[in-house]
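Everything on this sheet refers to the single structure shown next.
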Amino acid sequence: MINQQAIEHILFLDIETVPFEERYEALDTELQQLFESKTAYQRKGEVSVEEFYERAGIWAEFGRIVCISVGYFTFKNGERQFRTTSFYGEEKNLLIEFANLLSGHFGKPHMLLCGHNAKEFDFPYIARRMIINEVKIPLKLHTFGKKPWEIPHLDTMEMWKFGDYKHFTSLRLLTKILGIPSPKEDIEGSEVKRVFYEEKNIDRIIAYCERDVVAVAQVLLRFRGEPLLDDYEIQSV
């Protein structure tokens, strides 16, 4: 089925998120209480709420998006190319720019979105942050009232599950076992907060996010039984 989809009609994406504030103490009192309540089960009294706040970026209610990277295939004169680009800066602005992309060329009915664990994380996170920032959600991110086959989303982790809903495989593990160059050559997801707030190095985060996008595209190519991308086929624009 996946081989029947024209790969140039797929927009690959990945997001990087951080806690909304650098430190737990910077939250107002009510948000501190709400975060403590929301994470009580995960912490189980073994980790302080201040320490656990390091992970706050995984929740749209307590985090924010600092980068959305996308990638797509083009074919010209029989030559394949994979182009990546990123949206970053003030969160509302990057969400508006991304929404414009999804409402433009990639808003066409036959276009699909693809990410790794994106149905559980990236897609809903983006939609929630759009609501919080008062950005109109593009149709490509609307899922309410739709049947599963009507939702234009692909998820490489879901494909790898083959119906095993208890199974989780990270992108790093999947690239390793499939013989795909690792996207984690510089930093890991757990380091994004430090790089953003302490190093203030958004370029490093962008590069990391774009490598993840390339890795997702490579995984899909393996699923389709097609040759992997060479470095000369990948271009950041």
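Summary of values
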read-out: Heavy-atom surface of the stretch 5-108, accessible at 1.4 Å and reported per residue (Å²); value: 51 Å²
read-out: Top of Phe75, Phe121, Phe52 by mean-square fluctuation, Gaussian network on the chain, Cα under 10 Å; value: Phe75
read-out: Estimated 222 nm signal from helices in the chain, with DSSP H stretches of n ≥ 4 weighted -39500 (n - 2.57), rounded to 500; value: -9500 deg cm²/dmol
read-out: Global geometry of the stretch 148-237, whether rounded, prolate or oblate, following the gyration tensor of its Cα atoms and the 1.5 cut on a/c; value: prolate
read-out: Separation between Cα centres of the stretch 151-198 and the stretch 51-110, rounded to whole Å; value: 16 Å
read-out: Whole-number accessible area per residue in Å² for the stretch 118-170, which is evaluated in the context of all protein chains at 1.4 Å; value: 67 Å²
read-out: Translational diffusion of the stretch 193-237, µm² s⁻¹ [Kirkwood Rh, Cα pairs; Stokes-Einstein; 4 °C; 1.567 mPa s]; value: 107 µm²/s
read-out: Choice from Asn117, Asn77, Asn201 with maximal GNM fluctuation in the chain (Cα, 10 Å cutoff); value: Asn77
read-out: Flagged links, alpha-carbon separation over 27 Å, of Lys38/Lys146; Lys38/Lys193; Lys92/Lys147; Lys176/Lys200; Lys38/Lys119; Lys136/Lys176; value: Lys38/Lys146; Lys92/Lys147; Lys176/Lys200; Lys136/Lys176
read-out: Leading residue at positive end of dipole, the chain (Cβ point charges), from Ile180, Val66, Tyr197; value: Ile180
read-out: Estimated FRET transfer efficiency (Ser182, Ser103; beta-carbon r; R0 35 Å; 0.05); value: 0.55
read-out: Max mean-square fluctuation residue, GNM over the chain, Cα-Cα springs under 10 Å, options Gly145, Gly57, Gly115; value: Gly145
read-out: Protein accessible area in the chain, 1.4 Å probe - carbon and sulfur %; value: 51 percent
read-out: Efficiency of FRET from Cβ geometry, Glu61 and Ala26, R₀ 25 Å, rounded to 0.05; value: 0.95
read-out: Tensor-based shape of the stretch 64-206 (alpha-carbon gyration tensor, a/c under 1.5 rounded, otherwise prolate or oblate); value: rounded
read-out: Charge dipole magnitude, Cβ of K and R +1, D and E -1 - the chain, Cα centre, debye nearest 20; value: 980 debye
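The values are calculated or read from the model by the stated rules, or taken from the named source; none is laboratory data. Note that the structure is a prediction, hence the values are computed from the model and not measured. Because the Cβ atoms are built from the backbone with ideal geometry, glycine has one as well, and the counts that use them run over all protein chains shown. The protein model used for the area step is the full one, side chains on, heavy atoms only, and it has no ligands, DNA or RNA in it. Shrake-Rupley method; radii C 1.70, N 1.55, O 1.52, S 1.80 Å.
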